[in-house]
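Okay, so here's the structure we're looking at.
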Amino acid sequence: MPTIVELRERQAVITAEARERLDLITAETDEARVRELESQHDAAMAEFDRLDVQIRREEQVAEMERRAEEERVRQRPSGGDRTVPAGGGGEQRTYEQAFNEYLRRGIEGIDDADRGLIREHRAQGTTTDGAGGYTVPTGFVGELIKSLKAWGPMLDPGVTRELMTASGNQLEIPALNDTSNMGVRLAENTAATSEGDLAFTQKVLDAYKYSSGPILVSNELLQDSALPFEQIVRDAMAERIARKVNLDLTVGDGTGDPNGIVTASALGRTSVAAAAITFDEIIDLVHSVDPAYRQNGTCRFMFNDTTLAVLRKLKDGDGNYLWQPADGRSGAPATILGYGFVINQAVDSIAAAKKVMLFGDLSKYVVRRVRDFAVRRLAERYAEFDQIGFIGFGRYDGELLDAAAVKHLITAAS
């Protein structure tokens with residue numbers, strides 16, 4: 001099995017070969033040959049992306065192995081463990097293990113020790129009720145959040161900024177933009193008389209509820225599966241919720257949903273063409289963001305994958321490609337004009353009158369997450385099918401705290 005470094009080296013070879021195809025295109029090249037060369041380039045880059053998926057998979061496997069080892073260490077009995085004895089033996093039970101059994105069998109189907117542990121933990125929660133809802137263990141929430149991040153860059157650390165709160169009441173965040181004011185020069189023995197009060201604005205974060213919808217599982221699977229059922233349910237919930245949360249945090253209009261980062265961003269540049277963008281227009285987008293943001297090292301682009309395919313073919317005036325692949329040895333990420341980028345499939349593709357690209361300090365967008373996540377086990381609703389339903393609930397909101405920090409490039413209307 002090739003190593004990650006070897007896969008990166010293969011990507012570098014593919015990139016060079018793909019660019020050789022584009023470099024053969026000149027003003028004299030006929031259209032049929034252009035299409036052939038571009039098709040060869042696209043095929044090479046498809047192989048590049050396939051290797052990228054393999055690299056990410058290898059990285060995920062390594063991370064899973066690391067986490068599994070951490071879990072094994074954590075599960076070892078120690079004097080500080082808060083566990084209860086399992087019925088009939090000296091084995092110790094954690095809340096996570098009891099919760100897994102609850103998912104499989106329900107509260108009445110587990111032994112007294114596990115039932116007591118579940119109910120003890122539930123009594124500590126503030127958002128559950130007597131209809132079968134239980135707050136989930138810390139480990140479940142942590143792994144759920146990791147899975148959420150895998151499905152949406154708006155939830156990724158290092159892209160946006162997460163603010164976790166214990167409750168879902170409205171959260172008021174003051175904002176200040178004093179950039180239009182500056183100091184004054186005074187003559188000797190002259191009093192400073194100019195007054196300029198600070199003008200604060202306010203952003204409000206709500207806590208919109210999101211649900212996975214019912215996840216139906218047969219009783220046969222619950223009884224017979226050797227897999228960790230907690231993980232199966234968690235991953236299914238994460239995928240469903242994250243797709244919707246990421247969509248709203250990207251393009252929500254702020255009315256009954258989060259104010260998405262695309263919606264909240266300011267205009268940076270409008271393209272000349274309705275269905276194309278140019279190198280110069282991307283340069284203009286970058287420089288529409290004040291240098292104060294660009295120099296702090298956190299600025300990056302955001303666009304979808306089809307836009308990336310276009311950017312891979314663009315060159316500057318000296319024939320240098322805008323897109324530069326990741327350096328497998330140094331660990332430097334792929335860049336556009338020297339800046340990092342993230343792929344967000346919720347951003348529009350290039351078409352008429354679409355906001356197709358963002359640039360700026362994306363960390364100025366704050367994602368608010370309410371700490372508690374609840375799972376309900378629906379034992380009776382699907383009884384005629386001999387199925388059990390599971391449904392999860394989480395609460396999120398998002399807002400761009402500084403509109404000057406993130407600008408968008410919009411294509412012409414026609």
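Where the second residue is of a type in the set (A, V, I, L, M) and loosely packed, with under 13 Cβ neighbours inside 10 Å and the first is more than 13 Å from Phe341 (Cβ to Cβ) and lies in region 305-328, which pairs have Cβ atoms under 7 Å and are six or more apart or on separate chains?
Between residues of region 305-328 that are more than 13 Å from Phe341 (Cβ to Cβ) and residues that are of a type in the set (A, V, I, L, M) and loosely packed, with under 13 Cβ neighbours inside 10 Å, the close pairs are Gly328/Val5.
Among the residues of region 225-256 satisfying the criterion of being modelled with pLDDT under 95 and in a loop (DSSP other than H, G, I, E, B), which is nearest to the chain's Cα centre (by Cα)?
Among residues in region 225-256 that are modelled with pLDDT under 95 and in a loop (DSSP other than H, G, I, E, B), the one nearest to the chain's Cα centre (by Cα) is Gly254.
Would you say Ala292 is out of contact with any strand residue (DSSP E or B) (no Cβ under 8 Å at 6 or more places or on another chain), over 25 Å from Ala238 (Cβ atoms) and small (Gly, Ala, Ser)?
When the stated conditions are applied, Ala292 passes them.
The rows are residues; the columns are (1) surrounded by fewer than 18 Cβ atoms within 10 Å (Cβ to Cβ); (2) among the aliphatic types (A, V, I, L, M); (3) under 27 Å from Gln54 (Cα atoms).
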site: Asn320; (1), (2), (3): yes, no, no
site: Gly338; (1), (2), (3): yes, no, yes
site: Phe341; (1), (2), (3): no, no, yes
site: Ala353; (1), (2), (3): yes, yes, no
site: Leu362; (1), (2), (3): no, yes, no
site: Tyr365; (1), (2), (3): no, no, no
site: Tyr396; (1), (2), (3): no, no, no
site: Ala403; (1), (2), (3): yes, yes, no
site: Leu409; (1), (2), (3): no, yes, no
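Is it the case that region 284-302 has a residue that's assigned by TED's automatic domain parsing to the domain that holds Asp361, more than 22 Å from Val406 (Cα to Cα) and exposed (fewer than 14 other Cβ atoms within 10 Å of the Cβ)?
no
Among the listed residues Arg377, Arg329, Arg371, which satisfies the condition of being more than 24 Å from the chain's Cα centre (by Cα), modelled with pLDDT under 90 and under 30 Å from Ile215 (Cβ atoms)?
Details: Arg329 fails: under 30 Å from Ile215 (Cβ atoms); Arg371 fails: more than 24 Å from the chain's Cα centre (by Cα).
The conditions single out Arg377.
Is at least one residue of region 76-93 at pLDDT below 75, in a loop (DSSP other than H, G, I, E, B) and of a type in the set (Val, Ile, Thr)?
Yes: region 76-93 contains one or more residues that are at pLDDT below 75, in a loop (DSSP other than H, G, I, E, B) and of a type in the set (Val, Ile, Thr).
Can you name the condition, by its number, that Ala273 falls short on among (1) buried (at least 19 other Cβ atoms within 10 Å of the Cβ); (2) closer than 15 Å to Val356 by Cβ?
Failing condition for Ala273: (1).
Could you please let me know if Thr306 is surrounded by fewer than 17 Cβ atoms within 10 Å (Cβ to Cβ), closer than 25 Å to Arg50 by Cβ and of a type in the set (Val, Ile, Thr)?
yes
Of the numbered conditions (1) within 30 Å of Lys364 (Cα to Cα); (2) modelled with pLDDT of 80 or more; (3) of a type outside the set (Asp, Glu), Ser218 fails exactly one; give the number of that condition.
(1)
Would you confirm, using the coordinates I've provided, whether Ile25 is of a type in the set (A, V, I, L, M, F, W, C), on the phi < 0 side of the Ramachandran plot, surrounded by 13 or more Cβ atoms within 10 Å (Cβ to Cβ) and not in a loop (DSSP other than H, G, I, E, B)?
The answer is no for Ile25.
The values are calculated or read from the model by the stated rules, or taken from the named source; none is laboratory data. Predicted model only: the values in this text are computed from it and were never measured. Note that we place each Cβ from the backbone using ideal geometry, even for glycine, and neighbour counts take in every protein chain shown.
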